[in-house]
Amino acid sequence: MCGIIAYNGQDDAIPYLLEGIRNLEYRGYDSFGCAIDSKVGIIIKKDIGKVDDVINKYKIQDFSSSKAIFHTRWATHGGIKAENAHPMVDCTHRIAVAHNGIIENWAELKESLGAHRFVSDTDTEVLSHLIEEKLNDGADIQSAVKDAFNKIKGSSSFIVLDKQSDDLIAVKKGSPLVLGIAKNGNFLSSDVPSFVRHTNKVVYLSDSDMVVLGKKNYTITNLMNRDVNHDVSTVNFSYQQAEKGDYEHFMIKEIMEQPGLMKNLESADLKNVVRAAELVKHAKQVYLMGAGTSYHAAMLGAKVLRENGINAVAVQGQDLITYRKVISAEDVFILISQSGETADIINVLPLIYKNQKIGVINSEGSTLAKDVDVLIPIGAGLEKAVASTKSFTLSGVYLTFIGMFAAGRGEEAIRDLKLMNINMYNLLVPSVLSAIDKVAEKIKGLENVFFLGRDANYITALEGALKLKEVSYIHAEAIDAATFKHGPLALISDKVYAAAVVSEVTRNDMLYNLQEVKARGGNIIGISDKNENVFDMFIRTQNGGAFTFVMHAIILQLLAYKTAMLKGLDIDHPRNLAKTVTVL
Ligand code: M6R
């Protein structure tokens with residue numbers, strides 16, 4: 001996936017786009033490129049490296065233009081090379097195209113464009129030459145873009161700058177693209193926060209929309225040439241959310257926002273939770289779908305639903321294919337996603353188009369949010385660090401609500417939430433933070449760390465292991481402590497460290513399992529509300545009733561963060577990753 005932002009208006013586009021593209025860097029950071037409209041034609045500057053490195057190299061801040069496109073890339077098609085950075089131009093340098101998505105039939109299209117000069121290995125370059133081909137036949141730019149779009153297969157959004165036109169032309173299908181309407185001009189971007197400092201008026205585009213973005217006005221048509229009228233929405237987050245403030249990284253800012261967000265839940269509108277609870281109560285089977293961290297939330301939700309008497313299973317998005325012969329019309333689906341744009345889930349939506357769908361989603365204007373029957377926005381606000389933190393705990397809380405409300409345990413759920421919020425005051429105290437520092441110091445040089453838990457704590461252990469891998473590059477493996485004796489115990493020696501997540505419900509069995517590890521020389525880091533003899537190191541957590549997983553998750557997120565800090569890593573931009581995964 002990639003990030004694109006463009007501006008066309010009466011102001012200088014460059015300061016807006018510099019700020020905007022920095023805010024989109026979470027979407028990819030292999031290379032940066034821009035197309036700037038100028039009197040002498042389109043200026044293209046691009047190279048591999050982080051956004052700021054390339055900006056500084058070409059002194060992009062010294063340019064000025066009222067129309068430009070900036071792009072940050074996460075390589076999918078073609079390696080990380082300067083020539084593969086976007087935008088792509090045609091043979092005559094008349095147009096420049098920045099693209100987010102995948103063109104599945106690029107090979108056959110490229111073959112049909114044999115006479116054109118290709119300079120990159122990307123699928124995107126097919127677009128610039130397809131448009132050029134039509135322009136050469138005498139088409140105007142809008143028809144040429146439309147024609148190109150009709151020829152490509154797969155999910156794609158792209159923006160075209162034509163040096164002979166005053167407008168920018170953009171098309172959306174599958175990959176996100178939003179329109180921002182500002183006082184002196186308009187934005188097109190992969191997400192709202194990239195321009196929210198300048199306007200909170202947005203139009204969430206739909207698939208097959210084509211936007212002609214003028215300096216003052218815009219028009220939206222669909223690919224059948226019909227006018228499209230979308231509402232203009234007012235977004236309610238501020239640009240401060242898109243900034244780190246006093247924090248060194250977004251990851252730590254987002255971790256530390258959790259106590260406040262949990263407190264806000266006490267006054268949240270739970271009307272859609274009640275609707276969702278009704279739906280799952282009458283479902284034949286509930287499928288909870290997510291990917292990565294959101295899959296862990298799905299596991300947590302499925303467990304809570306089962307415990308409340310509802311037949312529920314968690315599925316990793318793409319795996320739904322294997323269920324296609326058993327899905328029935330009475331099944332209900334819960335889609336969990338921070339971005340609402342994860343391809344693994346979007347790709348299987350056709351399998352469940354007739355089913356009732358509930359969304360537990362952070363990005364309200366996203367593709368998935370638009371597709372569900374009942375939307376529960378988790379209200380995490382902007383989450384920019386590649387490693388998901390607050391969206392995991394908030395999704396987990398909402399899913400727990402759904403399960404408990406469905407079983408008539410709504411009041412108990414609210415009581416537990418309040419209990420957790422009271423105990424939260426004791427979670428991030430100096431003694432706990434320094435215990436986390438000590439453990440981080442101990443594990444920072446290790447190649448492997450185990451995470452153990454039983455029941456819900458196993459799911460939190462999975463999430464803790466994912467966080468450590470993602471930001472500290474230490475191999476971390478979570479194992480259900482009950483299954484340790486069935487094989488993994490063979491790995492234990494006095495060099496091995498295992499972080500054990502312990503809480504009241506499973507304490508006795510868990511301590512028994514830990515003794516087995518200890519007896520073989522293993523070192524145990526206890527993450528628990530009580531210190532135990534079996535622990536070699538100890539980080540105290542707090543009880544949160546049904547929401548104890550939130551306490552554990554916050555501790556494990558901090559452990560991953562602090563370990564990565566000690567290793568001096570680029571925490572908000574872990575190598576090889578991107579925040580939103582819009583490819584299969
Ligand atoms: O936006 P989503 O919640 O659908 O994203 C799913 C995963 O790509 C995401 O959770 C990923 O695993 C995170 N980087 C984990 O921290």
### Query
Which net charge results when you count Lys and Arg as +1 and Asp and Glu as -1 among the other residues whose beta-carbon is under 14 Å from that of residue 331?
+4
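For the chain, what is the convex hull (Cα atoms) projected area averaged across all directions, in square nanometres? Could the numbers behind the result be given before it?
Working: hull surface 106.4 nm².
With the hull built on Cα positions only, its mean projection is 26.6 nm².
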### Task
At 7 Å along the Cα-to-beta-carbon direction for both residue 121 and residue 231, put a label point, then send me their distance in nm to one decimal.
4.6 nm
## Note on the structure
Once the mean of 1/r over all distinct C-alpha pairs in the range 245-425 is inverted, the Kirkwood radius in Å reads 16.3 Å
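Count the lysine pairs in the range 356-470 whose Cα atoms lie under 16 Å apart, taking only pairs 8 or more positions apart in sequence or on different chains. Can you show the working numbers first?
Details: 357/370; 384/467; 390/467; 442/469; 444/467; 444/469.
Step by step, the pairs that qualify in the range 356-470 add up to 6.
Report the full-extension gain for the segment residue 519 to residue 166: residue separation times 0.36 nm, less the Cα-Cα distance, to one decimal in nm.
Taking residue 519 through residue 166 to full extension adds about 119.7 nm, to one decimal.
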### Message
I want to check the label-to-label distance for residue 433 and residue 483. Put each point 7 Å from Cα in the C-beta direction and report it in nm to one decimal.
### Response
3.7 nm
### Summary
Computed over the chain, protein heavy atoms only, probe 1.4 angstrom, the accessible area per residue in square angstrom equals 39 Å²
### Task
Let me know the Kirkwood hydrodynamic radius for the range 131-270, please, with Cα pairs as the basis and the value in Å to one decimal.
17.3 Å
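Measure off, as a whole percent, the carbon and sulfur share of the 1.4 Å-probe accessible area of the chain, all protein chains present. Walk me through the intermediate numbers first.
Details: 10820 of 22620 Å².
In the chain, the share of accessible area belonging to carbon and sulfur is 48 percent.
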### Task
Under a cut-off of 18 Å between alpha-carbon atoms, report the aspartates and glutamates in cross-link reach of residue 39, not counting same-chain residues fewer than 8 places apart.
11, 12, 62, 162, 166, 167
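Only sites in a loop by DSSP and with at most 16 other Cβ atoms within 10 Å count here; which GluC sites (Glu not before Pro) in the range 306-366 make the cut? Please list the in-between numbers first.
Working: sites: 307, 330, 341, 364; in loops: 330, 341, 364.
When the GluC sites (Glu not before Pro) of the range 306-366 are filtered for loop state and at most 16 Cβ neighbours within 10 Å, 330 remain.
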### Query
Where a Cα-Cα gap under 20 Å defines reach, which lysines qualify for residue 151, not counting those fewer than 8 residues away within the same chain?
110, 134, 172, 173
### Message
If you average the C-alpha positions of the range 1-18 and of the range 534-584 separately, how far apart do those two centres end up, in angstrom?
### Response
34 Å
### Message
With bins 5 Å wide starting at 0, give me the P(r) of the range 428-571 over every alpha carbon pair, in whole percents.
### Response
2, 11, 23, 26, 22, 13, 4, 1
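If R0 is 45 Å, what FRET efficiency do you get for residue 38 and residue 264 from their C-beta distance, rounded to 0.05?
Working: r = 47 Å, r/R0 = 1.05.
Efficiency at R0 = 45 Å is approximately 0.45.
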### Summary
Expressed in angstrom and rounded, the centroid-to-centroid distance over alpha carbons for the range 249-318 and the range 187-242 is 29 Å
### Summed side-chain charge close to residue 282 - residues other than residue 282 whose Cβ falls under 13 Å, Lys, Arg +1, Asp, Glu -1
0
### Message
Give the aspartates and glutamates whose C-alpha is closer than 14 Å to that of residue 46, dropping any in the same chain fewer than 8 places away, or say none.
### Response
30, 83
### Task
Provide the net charge surrounding residue 310, with neighbours chosen by a C-beta distance below 14 Å and charges set as Lys +1, Arg +1, Asp -1, Glu -1.
+1
## Note on the structure
For the pair residue 507 and residue 183, the simple spin-label estimate (label points 7 Å beyond Cα toward Cβ) gives in nm 6.0 nm
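What is the Å³ per residue value for the convex hull set by the Cα atoms of the range 52-125? It would help to have the intermediate numbers written out before the result.
Details: hull volume 7.9 nm³, N = 74.
Output value, Cα hull per residue: 107 Å³.
I need the fraction of alpha carbon pairs in the range 337-465 separated by more than 17 Å, rounded to a whole percent. Intermediate results must be reported in sequence, preceding the final value.
Working: 5945 of 8256 pairs.
The proportion of pairs with Cα distances above 17 Å equals 72 percent.
Explain nothing, just the number: relative contact order of the chain, from Cα pairs under 8 Å at least 6 residues apart, as a whole percent.
12 percent
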### Message
Past the 32 angstrom mark, what percentage of all C-alpha to C-alpha distances in the range 3-242 do you count?
### Response
11 percent
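The values are calculated or read from the model by the stated rules, or taken from the named source; none is laboratory data. Quick caveat: nothing in here was measured; it's all calculated off a predicted structure. Note: ideal-geometry Cβ built from the backbone for every residue, glycine included; neighbour counts use all protein chains shown. Only protein heavy atoms, including side chains, enter the accessible area calculation; ligands, DNA and RNA are left aside. Shrake-Rupley method; radii C 1.70, N 1.55, O 1.52, S 1.80 Å.
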